[in-house]
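Taking it in order: structure first as structure tokens, then the write-up.
The values are calculated or read from the model by the stated rules, or taken from the named source; none is laboratory data. Worth saying up front: this structure is predicted, and the values here are computed from it rather than measured. Note that each Cβ is placed from the backbone with ideal geometry, even for glycine, and that neighbours are counted across all protein chains shown.
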Amino acid sequence: MDENERLEPPDKERRDFLSCLGSAIACGAAAVAANSVASSATAATPAAAAAAEPAIPGYDWSKNQWGFGVDAEKCIGCLRCVEACKKENNVALDPNHFRTWVERYVTLQGEDKARIDSQADPVNIAASPKEGEYRFANRYKNANVEKAFFVPKLCNHCTNPACVQVCPTGATYKTEDGVVVIDHTYCIGCQYCVQACPYGARFFNEEKNVTDKCTWCYHRITKGLQPACVEVCPVGARVFGDRNDKQSPISQFIQNNRVRVLKPETGNAPNVFYVGIDKDVI
Amino acid sequence: MEALIHASPFTGYVYPNETIVPWTVLIVVYPYLTGLVAGAFTISSLYQVFGFTQLRPVAHFALLISLCCMITVPLPLLLHLGHPERAFNAMITPHVTSAFAIFGYAAAFYIILLVIETWFVFRPHIVQQAQKQTGLLAWPWRILSLGSVDVSEKAMSYDRKWLFALAIIGIPGAHGLHGYVGFVFGSLKSREWWSSDLMPVIFLLSAIISGTALVIILYVLSCKLRKVAVDLSCLKVMAFSLWGFMMFTLLLEGVEFASLVYRGREGIDVIMEFVKGPLVIPFFILQFGFGSALPLAVITFLIWRGTSGTSLIVGITGCSILVLLAVLMMRYNVVIGGQEISKTARGLLAYHPPIFGREGLLAAGIVLVIPMVLLMVLVRLFPPWEKAAA
């Protein structure tokens, strides 16, 4: 873990990094370093010994049970979470690889079904300033919009993850603290897990030739920090915390709201809880 | 990075990560090859186990075809893996809940079984070569004989018992291997197009028809090349098998599709949009029309009319070629088609396979040619005809 220590930037630097997302150049080095830590964190447990705790100083994974909440009522579709995630986790900047994304649901007058798009839609990509920065195009400006809202999406870190079930090597596994991670040093890149995930949360990392996905910023949460997307959200639409702690934001979120999960019929039992989503949300 | 990714255009709404289709034409070729293995092995077993003596001229040949295809089966998988050098991780530390983890063991078991069976079949030939050849050329044969040079009637009867036992174990082996490939797809709950209990059975039956068709084509071709007459009774038995298994396959595919439509679960709108749109040519015209209905009609006609001679040979071989293409289309429509229907149930992707590259059409084509090249070599080393005709 000496290497992890060495790569870990001080907390202040990290917060600075997150607060200056607009200036990618200044933060480039930090992003690279952060990614190295992310890789080390996810690779800390070899598949054959999935029950063994990763050696993260001062962290005991049996003490936490992480959970995530999304309040779609609050989301304004600014997409800072998407940009922060890409930088924090060194995700390819193209519109085909996302650890988190935001969907827009718009119901026009006289229509039954909502029209859905995400920041990766070609129209929205065309309206975005540059690669790695995302915007929702104002495509419904002249339409009679009856209802519209945004829904942030990410890996659901399911209790019964279909991706973990199908992995032939055990390279992807569920940690004691409830996070589904991938051992990038053990994954063979067969993409069976990509097929099995009903939420489209997984993708293939062409740089490393392994599958990749959201880890709830495992490298950050095990240091007492929030996931990057939660930290940058300007409206508090994303909530994260320890479900073992009844006073944590996530426990309060679940207690005080009527929450639901996505595609419960799959039996995956997701651990991302939603408030304010509609029947059309898929 | 740009050159590495092959994003597919879409209509409606698909999850952003879905635009990179995970399983490509190599994963179309993989179940196709395992299907050919199971099918060719079925023909061989019909003779070895079930006493279909009319199949004697092709029994050993079919075994070699099965072996050549099986040796090639891991290749498309290895080519597809992001880290092929780690492929053995699945065998060293198999994750037992994965439908795919046991593949390495199942495949290894079956290859070993095929090699042993082939050795028993060709033992007399190996012994004969070891005695006939002189100098350095004799050595490989001597080594291959493993010191077992007794070809007396008593020894041969002992060999026959072994062959019978191996063929019996091979039947569940070959069919289990392929049925399990169907399970790999059918057990995934994330995709409505794949998620079906009938998938393993349909895979298996279509495997048998593709293997039978391949044996028919290669047998007729080998007869032309060797300038010997095609054994018509042998050809007829294979045509009957093809007809029977095709009937079953078509019925099951029909039942599966009808259930999917009749259940009409969420997402059926987009599935119907897919079926009525992009699937019309590959499925209804190529797979069903030209590849299944036409050969079925032609074979029925040939049998009904009692056609014989060259017309029968041309008719059945032509039908077999169509069947081979139809099963390839079936694999394509299942593997690629399943991924073109978005998990959102609100959109469709249009995957256009690249020609070049590790996962392109050219690579897939080469993978399909390799077993044929292997077969050309093996047939010269272990002629499957003379012994059968003796």
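Looking across the stretch B:85-103, just one residue is under 23 Å from B:Arg358 (Cα atoms), more than 7 Å from every other protein chain (Cβ to nearest Cβ) and either buried (at least 16 other Cβ atoms within 10 Å of the Cβ) or touching a residue at least 24 places away in the same chain (Cβ under 8 Å) (or both), and that is B:Phe103. For the stretch B:263-314, the candidate set comprises residues that are without any contact (Cβ under 8 Å) to a residue 40 or more places away in the chain and of a type in the set (Lys, Arg); within that set, the residue that is farthest from A:Ile282 (Cα to Cα) is B:Arg305.
Where residues in the stretch B:104-143 are assigned to a helix (DSSP H, G or I) and among the hydroxyl-bearing types (Ser, Thr, Tyr), which of them is nearest to the other protein chains (Cβ to nearest Cβ)?
Of the stretch B:104-143, the ones assigned to a helix (DSSP H, G or I) are B:104-132, B:135-143.
From what's left, among the hydroxyl-bearing types (Ser, Thr, Tyr): B:105, B:110, B:118.
Values: B:Tyr105: 11, B:Tyr110: 18, B:Thr118: 29 Å.
This residue is B:Tyr105.
Identify the residue in the stretch B:28-45 that is β-branched (Val, Ile, Thr) and closer than 12 Å to B:Thr212 by Cβ and, among all such residues, is surrounded by the fewest Cβ atoms within 10 Å (Cβ to Cβ). Outline the logic, then answer.
From the stretch B:28-45, those β-branched (Val, Ile, Thr) are B:28-29, B:34, B:37, B:42-43; that's our starting set.
So of that shortlist, the ones also closer than 12 Å to B:Thr212 by Cβ come out as B:42-43.
Values: B:Thr42: 25, B:Ile43: 30.
Looking at residues that are β-branched (Val, Ile, Thr) and closer than 12 Å to B:Thr212 by Cβ, I get B:Thr42.
A count restricted to the stretch B:323-355 and to residues that are touching a Leu at 6+ places or on another chain (Cβ under 6 Å) and surrounded by fewer than 21 Cβ atoms within 10 Å (Cβ to Cβ) stands at 2. For the stretch A:208-249, a residue qualifies if it is of a type in the set (D, E, K, R), surrounded by fewer than 21 Cβ atoms within 10 Å (Cβ to Cβ) and within 14 Å of chain B (Cβ to nearest Cβ), and exactly one does: A:Lys208.
Filter the stretch B:14-71 for residues that are touching a Lys or Arg at 6+ places or on another chain (Cβ under 6 Å) and β-branched (Val, Ile, Thr) and give the result. Answer for the stretch B:14-71, where residues must be touching a Lys or Arg at 6+ places or on another chain (Cβ under 6 Å) and β-branched (Val, Ile, Thr): just B:Val28.
For the structure I just gave you, tell me whether B:Thr34 is in contact with a strand residue (DSSP E or B) (Cβ under 7 Å, 6 or more places away or on another chain), among the hydroxyl-bearing types (Ser, Thr, Tyr) and either assigned to a loop (DSSP other than H, G, I, E, B) or farther than 21 Å from A:Lys86 by Cα (or both).
On the way: in contact with a strand residue (DSSP E or B) (Cβ under 7 Å, 6 or more places away or on another chain): no; among the hydroxyl-bearing types (Ser, Thr, Tyr): yes; either assigned to a loop (DSSP other than H, G, I, E, B) or farther than 21 Å from A:Lys86 by Cα (or both): yes.
So B:Thr34 does not fit the description; no.
Counting the residues of the stretch A:238-279 that are in a loop (DSSP other than H, G, I, E, B), within 13 Å of A:Asp71 (Cβ to Cβ) and not basic (Lys, Arg) gives 4.
Any residue at all in the stretch A:103-122 that is of a type outside the set (D, E, K, R), in a loop (DSSP other than H, G, I, E, B), over 23 Å from the mean Cα position of the chain (by Cα) and within 19 Å of B:Ser342 (Cβ to Cβ)? Please lay out each step first, then the result.
Filtering the stretch A:103-122 for residues of a type outside the set (D, E, K, R) gives A:105-110, A:114, A:116, A:118-120, A:122.
Filter once more, keeping what is in a loop (DSSP other than H, G, I, E, B): A:109-110, A:114, A:119-120.
Now restrict to residues that are over 23 Å from the mean Cα position of the chain (by Cα): A:109-110, A:114.
So of that shortlist, the ones also within 19 Å of B:Ser342 (Cβ to Cβ) come out as A:114.
Yes: one or more hits.
In this entry, A:Lys223 passes the filter for residues that are over 21 Å from B:Lys343 (Cα atoms), touching a residue at least 12 places away in the same chain (Cβ under 8 Å) and in contact with a helix residue (DSSP H, G or I) (Cβ under 9 Å, 6 or more places away or on another chain).
Filter the stretch A:89-99 down to residues that are more than 10 Å from chain B (Cβ to nearest Cβ) and either of a type outside the set (Val, Ile, Thr) or assigned to a strand (DSSP E or B) (or both) and give me whichever is farthest from the chain's Cα centre (by Cα). Let's see the steps before the verdict.
Looking only at the stretch A:89-99, we keep the residues that are more than 10 Å from chain B (Cβ to nearest Cβ), and these are A:89-91.
Applying the additional criterion that residues be either of a type outside the set (Val, Ile, Thr) or assigned to a strand (DSSP E or B) (or both) yields A:89-90.
Details: A:Asn89: 10, A:Asn90: 13 Å.
Among them, the one singled out is A:Asn90.
Evaluated against (1) in a loop (DSSP other than H, G, I, E, B); (2) of a type outside the set (Asp, Glu); (3) within 14 Å of chain A (Cβ to nearest Cβ); (4) out of contact with any Pro (no Cβ under 8 Å at 6 or more places or on another chain), B:Ser190 falls short on exactly one condition, (4). If the condition is being in contact with a Cys (Cβ under 7 Å, 6 or more places away or on another chain) and assigned to a loop (DSSP other than H, G, I, E, B), then the stretch A:170-204 contributes A:Ala171, A:Cys197, A:Ala201, A:Arg202.
Which of the following residues is aliphatic (A, V, I, L, M), in contact with a helix residue (DSSP H, G or I) (Cβ under 9 Å, 6 or more places away or on another chain) and within 14 Å of another protein chain (Cβ to nearest Cβ): B:Ile341, B:Ile355? Steps first, please.
Values: B:Ile355 fails: within 14 Å of another protein chain (Cβ to nearest Cβ).
That would be B:Ile341, the only listed residue that is aliphatic (A, V, I, L, M), in contact with a helix residue (DSSP H, G or I) (Cβ under 9 Å, 6 or more places away or on another chain) and within 14 Å of another protein chain (Cβ to nearest Cβ).
Among the residues in the stretch B:53-68, are any of a type in the set (Ser, Thr, Tyr), touching a residue at least 40 places away in the same chain (Cβ under 8 Å) and either in a helix (DSSP H, G or I) or within 14 Å of chain A (Cβ to nearest Cβ) (or both)? Among the residues of the stretch B:53-68, at least one is of a type in the set (Ser, Thr, Tyr), touching a residue at least 40 places away in the same chain (Cβ under 8 Å) and either in a helix (DSSP H, G or I) or within 14 Å of chain A (Cβ to nearest Cβ) (or both), which makes the answer yes.
Right, A:Gln226: of a type in the set (S, T, N, Q) and more than 29 Å from A:Ala55 (Cβ to Cβ) or not?
It is false that A:Gln226 is of a type in the set (S, T, N, Q) and more than 29 Å from A:Ala55 (Cβ to Cβ).
I'd like the full set of residues that are farther than 18 Å from A:Phe253 by Cα, assigned to a loop (DSSP other than H, G, I, E, B) and either in contact with a Leu (Cβ under 6 Å, 6 or more places away or on another chain) or small (Gly, Ala, Ser) (or both), limited to the stretch A:210-237. Answer for the stretch A:210-237, where residues must be farther than 18 Å from A:Phe253 by Cα, assigned to a loop (DSSP other than H, G, I, E, B) and either in contact with a Leu (Cβ under 6 Å, 6 or more places away or on another chain) or small (Gly, Ala, Ser) (or both): A:Cys214, A:Gly224.
Of all positions in the stretch B:4-25, none carries a residue that is within 14 Å of chain A (Cβ to nearest Cβ), farther than 28 Å from B:Met199 by Cα and of a type in the set (Asp, Glu).
Results for (1) modelled with pLDDT under 95; (2) loosely packed, with under 14 Cβ neighbours inside 10 Å, shown as yes or no for each residue.
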residue: B:Leu137; (1), (2): yes, yes
residue: B:Lys154; (1), (2): no, yes
residue: B:Pro172; (1), (2): yes, yes
residue: B:Val181; (1), (2): yes, no
residue: B:Val201; (1), (2): yes, no
residue: B:Thr212; (1), (2): no, no
residue: B:Tyr219; (1), (2): no, no
residue: B:Lys224; (1), (2): no, yes
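Quick one: is B:Ile321 closer than 28 Å to B:Thr11 by Cβ and assigned to a helix (DSSP H, G or I)? Against the criterion (closer than 28 Å to B:Thr11 by Cβ and assigned to a helix (DSSP H, G or I)), B:Ile321 does not qualify.
Any chance the stretch A:180-189 includes a residue that's away from every other protein chain (no Cβ under 12 Å), touching a helix residue (DSSP H, G or I) at 6+ places or on another chain (Cβ under 8 Å) and crowded, with 24+ Cβ neighbours inside 10 Å? There is at least one residue in the stretch A:180-189 that is away from every other protein chain (no Cβ under 12 Å), touching a helix residue (DSSP H, G or I) at 6+ places or on another chain (Cβ under 8 Å) and crowded, with 24+ Cβ neighbours inside 10 Å.
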